[in-house]
Amino acid sequence: MNNTHKYWMLVFLTGSLAATGCKSRKPKTVSENAIQVEVMYTQMHCGGAAPSPEILEEMDKLKPLENTVVYVAKFNEESTTTKQYKTDKAGLLTVEIDTGFYQVYLYNPVELLNDSLERSERDKCERYWKLEHRAPLGYKAGKPIPPVVFNKMCNPCDEPKP
């Protein structure tokens, strides 16, 4: 199986985990417009020595994304609204959002999308890879919210590890 197939299989499996394996929870209201959402992640093995089955099993487990800056973006036809937040030590994200659909990014999408300077192929690759680190977040007042789930992907722009 080539790397492209592995990538799409992992994307599909992560989405499936988010849709079926994770419990939705009623959002905890922090203030009038602020709610808390669980943010979880899995980590890919990115080369080097083959990991043991135990390590692979551990890598497949969902873990809280602790103390991490994330960007919540809402796209519409007129503009993009992006706000920066930070998860807490339990991987909970407190966000101020209205009903709607959002994307949660590990890297600032506005900076990446607005960077129009001519770059090297490596820089272009890096920008594309960073934009792929996103997860959906849908919110409707009073409805359960599934966790936001990331799959931390290996950087395809790096040289393969021996």
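Kindly indicate whether residue 104 is surrounded by 12 or more Cβ atoms within 10 Å (Cβ to Cβ), modelled with pLDDT of 95 or more and not in a loop (DSSP other than H, G, I, E, B).
yes
Taking residue 111 as the residue in question, decide whether it is more than 16 Å from the chain's Cα centre (by Cα), within 29 Å of residue 47 (Cβ to Cβ) and outside any strand (DSSP E or B).
yes
Read through the list (1) under 19 Å from residue 137 (Cα atoms); (2) in contact with an Asp or Glu (Cβ under 9 Å, 6 or more places away or on another chain); (3) among the charged types (D, E, K, R); (4) modelled with pLDDT under 90, then give the number of the only condition that residue 115 fails.
The one condition residue 115 does not meet is (1).
Pick from segment 132-151 the residues that are within 14 Å of the chain's Cα centre (by Cα) and surrounded by fewer than 16 Cβ atoms within 10 Å (Cβ to Cβ): which of them is farthest from residue 33 (Cα to Cα)?
My answer is 132.
Can you tell me which residue is nearest to the chain's Cα centre (by Cα) among those in segment 61-78 that are buried (at least 17 other Cβ atoms within 10 Å of the Cβ), of a type in the set (A, V, I, L, M, F, W, C) and in a strand (DSSP E or B)?
Filtering first and then ranking leaves 70.
Is it the case that residue 88 is free of Cβ contacts under 8 Å to residues at least 40 places away in the same chain, more than 14 Å from the chain's Cα centre (by Cα) and not in a helix (DSSP H, G or I)?
The answer is yes for residue 88.
Only one of 81, 94 is surrounded by fewer than 18 Cβ atoms within 10 Å (Cβ to Cβ) and at pLDDT below 90; which?
81
Of the conditions (1) in contact (Cβ under 8 Å) with a residue 24 or more places away in the chain; (2) farther than 13 Å from residue 150 by Cβ, residue 67 satisfies every one except a single condition; which number is it?
(1)
Those residues that are touching a residue at least 24 places away in the same chain (Cβ under 8 Å) and either under 21 Å from residue 82 (Cα atoms) or surrounded by 11 or more Cβ atoms within 10 Å (Cβ to Cβ) (or both), I need them from segment 114-131; list them, please.
Of everything in segment 114-131, those that are touching a residue at least 24 places away in the same chain (Cβ under 8 Å) and either under 21 Å from residue 82 (Cα atoms) or surrounded by 11 or more Cβ atoms within 10 Å (Cβ to Cβ) (or both) turn out to be 125, 126, 129, 130, 131.
The values are calculated or read from the model by the stated rules, or taken from the named source; none is laboratory data. Predicted model, so just to flag it, every value in this text is computed and none were measured. All Cβ positions, even for glycine, are placed from backbone atoms using ideal geometry, and neighbour counts span all protein chains on display.
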